[in-house]
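Asks: Have a look at the structure that comes next, please.
The values are calculated or read from the model by the stated rules, or taken from the named source; none is laboratory data. None of the values given here were measured: they were computed from a predicted structure. Neighbour counts run over all protein chains shown; Cβ positions are idealised from the backbone, glycine included.
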Amino acid sequence: MPKQPVNQDDYVWVITVTKRFEDVAKDWEESLLGLADDQGNQFVPVTTEREAAQALLYKLPPEPDKMVERQVEAMNKDLVRQQAQEGGFDVYLVDGAGRILGQLEA
């Protein structure tokens, strides 16, 4: 069966947070980075370009927990929305400086 071409418009760049555990029963857990705006609204920041997500990653304060790693990944918009909603977060499009550009459109 031929593969369907990937529609890049269906994807955004996110920062994922991976927590590693020393417990053998659970090696690691991955989640989306969540932030809060000036009014305390919780959101998952996403970008349309990898470079903007990487710039945002480097603007974050260092993670004090050595068992936690952050990285930039491309992710399907619908999956991002689903995971964010499950955690009680909105999804905002941001630029590389972290400025909110608006809510992620469908």
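Asks: Can you list residue pairs whose Cβ atoms sit under 8 Å apart, with the first residue in segment 79-95 being loosely packed, with under 14 Cβ neighbours inside 10 Å and the second being not in a strand (DSSP E or B)? Count only pairs 6 or more apart in sequence or on different chains.
Replies: Listed by first residue and then by second, the contacts come to G87/G34.
Asks: Any idea which residue in segment 13-47 is modelled with the lowest pLDDT, counting only those that are out of contact with any Gly (no Cβ under 9 Å at 6 or more places or on another chain) and buried (at least 16 other Cβ atoms within 10 Å of the Cβ)?
Replies: Looking at the filtered set, the residue picked out is L33.
Asks: So, one more: Looking at A55, is it in contact (Cβ under 8 Å) with a residue 24 or more places away in the chain and over 13 Å from Y11 (Cα atoms)?
Replies: Yes: the conditions hold for A55.
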